[in-house]
Every structure is written in C-alpha cells, then in structure tokens.
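For reference, the structure discussed in these notes is given below.
The values are calculated or read from the model by the stated rules, or taken from the named source; none is laboratory data. In this text, all values refer to a predicted model and were calculated from it rather than measured experimentally. Remember, those area values only see protein heavy atoms, side chains included, never the ligands or the DNA or RNA. Shrake-Rupley method; radii C 1.70, N 1.55, O 1.52, S 1.80 Å.
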Amino acid sequence: MTSPPRAVPLTLGDHYVLSLARAAAADSRMHMAVAAHLPGGPPAPPDLHERIAATAGRAPVLRYRLTGAGRHAAWAPDPGFDPARHVTHHHLRPGQDVAQAALDLIADRPLPRDRPLWDLLVLHGHTPGEHVLVHRVHHAFQDALGLLSGIRALTGDERLPHPAPEPPARDAPAIRGTLADLARLAAPLPRWHPSKPPGGQGPRLLAVPLDAGALRAVVQRTGATVTQVMLALLAGALRSWRPQVWRSRPGITVNLPVSVRGPRNHAALGNHVGVFPVTLPCGEPAPYARLRAIADQTTLALISRQRRRIRALYRLPAAVSRTAFGAAMPLVARGAPCRLDVGTIRITGEFPAARELFLCPPLAPGVSAMITLLYGRGAASVCGVFDASVDGPHEVLALVAHALAELHADVGKGHR
C-alpha cells in the first residue's frame, strides 16, 4: 500500500526567501520565471487545464502549497488543487515589449498563498503567429533547477518523486562559514552603476543576445566553465561601463547562487540555493587575466566545499535555522540597492519548439540587479532585471556582448 504524501517542513533557504519577500517592496520581487516564444496561436484554456491535471499526477510537487507559520510552516498537498487557478491569458498590444510585459504582469498579479505558488501566463497579440508561455514560481517554492524540472514535466513527460523531508543535522562550522559569506556580501560596495533619482518606475527586464559560437569556443579553448566565463564577461563590462570606478578599486564582490540539490531533493520542492561570494576583477585590464582570476576563486574544490556547508546549514532543525537566519537578515537587507547577483542557467529540452527564451530573475532587497546568462541549444543571451535606481542598464548588457568578443579575441592569441 502506498503511504499518503507527507508535509515537508520549510528549510532555512525557504524561510530566507520568504523573509526577503516580506522585506521587499512587493512579494513579486522574489518570483522567478522562464518564458518561451512559441509558434502558433495561444492554447485554449481547457487544453492547458487538462495538461496541468495530467502533469500533477506524475509531478506531485505542483500540488504542494504553503501551510502553517513560523517554525511550523510546511509544504503540504493542496486538497483543493484546481488547474484553472494556475493559468491566465493576456492579450498584448501589437508590437509590445513582451519581456517587460511579462515582468509587469508578474508584479501586478500575486501568487495567492492558499494554492501552490506557481502559475502559467499565456501572452499573445504582440505579433501574428506567436504566443509566449511564461512559467512563474515563487523562489521559496522552487529554485531555478526546480523551475526547470517543473517546465520539463509540464511540456514533456518528466516524472518527479513525492517531496519528502530532509533528515535534520547540526553543523556549527557551516553556520559560521555562511554567516561570514553574508557579511562579506554586505560590506560597502563601489557605486558600480549610474544612478537615477527616485521615481515611480518599477524594475526593468532586458535581454541581449550573445554569440553562442564565441562562448563555446572560449569554454573549449580555456577549459573554463560557462559560469566562469560569464563572471569574467561581467567584470569586463563593468570595467568598460564606468572605468573611473576601478582606477582605485580592484573589483566588486558579487553573489553567485550555488545549488545544493542532489538526488534526495529531486522532487524539486523548495529553495536549495545558497550564497557564494566572488570578486569580479574589474581593475584588471586584460580579458584572459580576468578569466583566470575568476577561475582561481571558483575551483571545483571551493564550490564543492560551499555546497557541503550550505547543505548542512539547510538541514538544521527549524528552531536553530530561524535563529541563524534572524542574525543574518540585517546583513542582507540593509542599505541602498547596490549589490549585484550573477547566475547562469542552461536550457536544453524544456521548450523544444521555442523560437526564443528569456528569464525573469528575482530581485531581492538591497540588490541593484540580477544578471543571468541563459544558454543552450546553440543560442545564448544575457538577461537582467534592474532596480529602478539603475540608469542605463541596457548599456551594461550590451557591454557584456562586447566583452565576449574581446575575450574570444584574447583567447585566440594563444592564451591557455
């Protein structure tokens, strides 16, 4: 006989994101989504409802919602799960900016806490013969890998196990190490971007295509990872954007999210991402030297150590983890937006018919921008969500593309 699904207590990572959402100007700042431009007209609502109902049978995470509060908060199956409550259709103006429209809709439409914290937005009308499918989740409900697992289940035939609680653990060194990382990220930062006066405009979402062939060539010739290359490109872009900032400063420390997901949490429920501080060498003039400086900070051994620390921290009992989080929260959310988060996401078979993809990353309190490299299937783009205080964000994304050309040329000179 199959045992009934169990409630899953929230981890420190889940509590952390929910607290950031409470501290943010809007809960939607901690939502994340991936979107695909798909051929043809929008699917009919009944067809999507039927697909979701079938998917939820083999990917039960889609049925889990937030229950309880504080140390008793948990993810539990929604007894009233209704696929129709997770789909909305939106008609856009002809020629409307789809990426910004998606971000604005996410900001305007909350994810109600009485149902699982995800939905599908279907956008159409912006251009003939195309619709855009946006899959959104609350970052506490799923991290980026969980989001992609959900997409593969909704658009394909992927199966996911029932969520199950992690066994508790205590690891004092893990707490001290992670708090030290948060303190490093909370240290005063250079004003890396031009600033706009306060206004009513909300976050902006931008995307710039990258030369996927050049990116692949740099990775192959240097042995670097895509993430290392992305960090080096951003260092070069920031250096070119405001060179005067880096005449007396070696660089800026950014947060590289590190996933600690493994086979045990393949159910894709919850946030299993922790912080990993990396200093971008913006003061270094040579593109290849910037890449080597990044590689020295992000070796496999260092990333593995960080994963072990974060995994141990996230498995602490709720009473201990909430105390540790309470000590860390003031370091994270204080001050004017100036911090920078950077990430990479590999898209493979999630949307096989997609003409184009873009990402809507979360934007935590105190963070000026979350810049992410989206790559796969012979295409690549750099996506960024920017706080309203950042002036001219399109410039830095364009400079990322320029930095890729510079690094590709520098590597071609024979650097190894």
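Whenever you get a sec, compute what percent of the accessible area on the chain sits on carbon and sulfur atoms (1.4 Å probe).
55 percent
Which value, in Å² rounded to 10, gives the accessible area of Y375 with a 1.4 Å probe and all protein chains present?
Probe radius 1.4 Å; accessible area of Y375 about 50 Å².
Quantify how much of the Cα-Cα distance distribution of the chain extends past 35 Å, in percent.
26 percent
Nearest 5 percent is fine: what portion of the DSSP beta bridges confined to the chain is antiparallel?
The antiparallel proportion sits near 75 percent.
Which value, in Å² and to the nearest 10, is the accessible area of W75 when all protein chains are kept and the probe is 1.4 Å?
0 Å²
Taking a ≥ b ≥ c as the square roots of the eigenvalues of the Cα gyration tensor of region 215-306, is the shape rounded (a/c under 1.5), prolate (a/b larger than b/c) or oblate?
It comes out prolate by the Cα gyration axes.
Excluding ligands, DNA and RNA, what is the solvent-accessible area per residue of the chain at a probe of 1.4 Å, expressed in Å²?
41 Å²
With the Cα gyration tensor of region 64-129 giving a ≥ b ≥ c as the square roots of its eigenvalues, does the rule (a/c under 1.5 for rounded; else a/b larger than b/c for prolate; else oblate) give rounded, prolate or oblate?
In terms of gyration-tensor shape, prolate.
Where Rh denotes the Kirkwood radius from the mean inverse Cα pair distance, what is Rg over Rh for region 1-146?
Ratio of gyration radius to Kirkwood radius for region 1-146: 1.00.
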